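As structure tokens, the structure follows; a few thoughts come after it.
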Amino acid sequence: MVRYLIVLCFACSVFNILPAQELSKSLVFEERVFNFGTIREKDGKVSHTFYFRNTGKQPVTVSDINTGCDCIGKVIRNKPVKPGERAALTITFDPGYKSGFFSKEIFIFSEGGKQYCNVWVEGNIIAGERPIDNDYPYNFGSSLYLRYKVMAFGFLAPGHSKKMELPFANAGNVPMTLKFIPRSNKQGLRFTNPGPIAPNSKGTVVFNYTMPFQQQGDAIIYLDVHVNNKKLPEPLQIKVLRDNKL
């Protein structure tokens, strides 16, 4: 039996462009879709082997396997599959840093890329526990973690608006009340404080900024961060560059 091996990483983007090649009439898979069921991220990679047969009258060579991304291994062995021969294709899926339902299409190219077949793997991932600072790298104290400590809005012309989201996490075991209080120069800035946050929970604050016509130069706004009415040592910064071209 001829065996082919690829490694499929879920970090890849969805491959939704159908190849221009012809669908292979010689390579016939015994199953087209395999469901891994519910898998746990902490258990690591899972694999499944698809079996197929060459039902044609000529040998067929599998020349490439693709999911539309760079994190997939190439065919290790491309020995021709003889007429009537049964061969195997092993898919290894890495659920790292993913959660929820997934469905991934795999394209198997043959005859120098002139023909193709496709199969699918799918399932549901239970996310594992990860350090809070993996996704929220800035520890502001009092169990508050933020995705950013400087929110860079980029260039903005007078009268134009832009919004940014600030993800946050309460890593403590008690509720917290979170407030952002601008020190000064808050003109053009709009947001709503999240208020009470449950223990070990996450959320997002949306900041909207409209560049004032009278603003001279770039805008830098400092917001003091308060948790349970206690001012934390480091402020959150918002930086907006004034676009003078428009």
- Note on the structure: Once the dipole of the chain is set up from charges on Cβ (+1 Lys and Arg, -1 Asp and Glu), the residue from the list Val62, Leu236, Thr177 lying farthest towards its positive end is Leu236
- FRET efficiency for Lys162 and Ile126 from the Cβ-Cβ distance with R0 = 45 Å, rounded to 0.05, comes out at 0.80
- From a point 7 Å beyond the Cα of Phe213 in the direction of its Cβ, which residues of the range 154-173 have a backbone N at a distance under 20 Å? 156-162
- Evaluate the distance, in nm, between pseudo-label points positioned 7 Å from the Cα of Thr92 and of Asn139 along their respective Cα→Cβ axes. 3.5 nm
- Task: About the Cα centre of the range 132-242, how large is the charge dipole given +1 on each Lys and Arg Cβ and -1 on each Asp and Glu Cβ? Please answer in debye to the nearest 20.
- Result: 280 debye
- Task: Rank these for me by crowding, Thr67, Thr61, going from fewest to most other beta carbons within 10 Å.
- Result: Thr61, Thr67
- Query: Among the lysines, which fall within straight-line cross-link reach of Lys42, defined as a Cα-Cα distance under 18 Å, with same-chain neighbours fewer than 8 residues apart omitted?
  - Reply: Lys98
- Item | Two-site label geometry, Val150 and Thr55: point separation in nm, points 7 Å out along Cα→Cβ | 6.2 nm
- Message: Among 84-95, 211-222, how do they line up by average Cβ neighbours within 10 Å per residue, starting with the highest?
- Response: 84-95, 211-222
- Task: Give the Cα extents of the range 132-242 along the principal axes, in whole Å, largest first.
- Result: 45, 26, 20
- Please work out the C-alpha center-to-center distance from the range 132-183 to the range 94-109 and express it in whole Å. 31 Å
- Report the extension gain between Asp224 and Glu85 in nm, rounded to one decimal, defined as 0.36 nm multiplied by the number of residues separating them, less their alpha carbon distance. 43.0 nm
- Task: Work out the length of the dipole vector of the chain about its Cα centre, built from +1 on the beta-carbon of each Lys and Arg and -1 on the beta-carbon of each Asp and Glu, and round it to the nearest 20 debye.
- Result: 240 debye
- Of the options Val205, Pro194, Gly159, report the single residue whose Cα projects farthest towards the positive end of the charge dipole of the chain (beta-carbon charges: Lys, Arg +1; Asp, Glu -1). Gly159
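Since every read-out is calculated from the coordinates, none of them should be taken as a lab result. Predicted model, so just to flag it, every value in this text is computed and none were measured. Positions of Cβ are generated from backbone atoms using ideal geometry, with glycine treated the same way; all protein chains shown enter the neighbour counts.
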